[in-house]
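S.K.: Quick one: the structure is below, questions incoming.
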């Protein structure tokens, strides 16, 4: 999986775990809301400064947002 | 510690652990040698694509390169 996609998924999961909307996260991190939306759709190549700023607001380590998680295995029905 | 400095230290440590010069890492990652040098001096704000490309060459996870390590405590002599 591309690192942008890893980051996009982790960002969205951490934001939702924190109960924040994209607007609220954007406001707290001082980043435009459309930029957050683009990051969650893997459109942009974020800088590590932005990753760290978002991580701080989300109370996670920056490294957590780049962590590759095991892919969910889809079990065949039969 | 600023995330750029965290990345700079981890990058240098991972490069040295792999026994690579800046030139060799640059060549294998397809990145200019002076850029590697700048990253190790916290000059630039790397993108996550670059972090991942370097991590791949260094056989580590991209997240490892952004991990904050405990600071080394300097023990007073007396």
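S.K.: Of everything in region B:27-49 that's within 11 Å of the chain's Cα centre (by Cα) and in a helix (DSSP H, G or I), which residue is nearest to the other protein chains (Cβ to nearest Cβ)?
M.R.: Step by step, filter region B:27-49, then rank; the result is B:39.
S.K.: Let me ask another. Restricting to region B:3-24, count the residues that are in contact with a helix residue (DSSP H, G or I) (Cβ under 8 Å, 6 or more places away or on another chain), over 22 Å from residue A:62 (Cβ atoms) and in a helix (DSSP H, G or I).
M.R.: 2
S.K.: Okay, next question. Considering every residue within region B:7-23, establish whether at least one is without any contact (Cβ under 8 Å) to a residue 40 or more places away in the chain and closer than 25 Å to residue A:8 by Cα.
M.R.: Yes, that holds for at least one residue.
Values in this text are rule-based calculations from the coordinates and carry no lab data. Remember, it's a predicted structure, so these values are computed and weren't measured experimentally. Don't worry about glycine lacking a Cβ; one is built from the backbone with ideal geometry, like all the others, and counts go over all protein chains shown.
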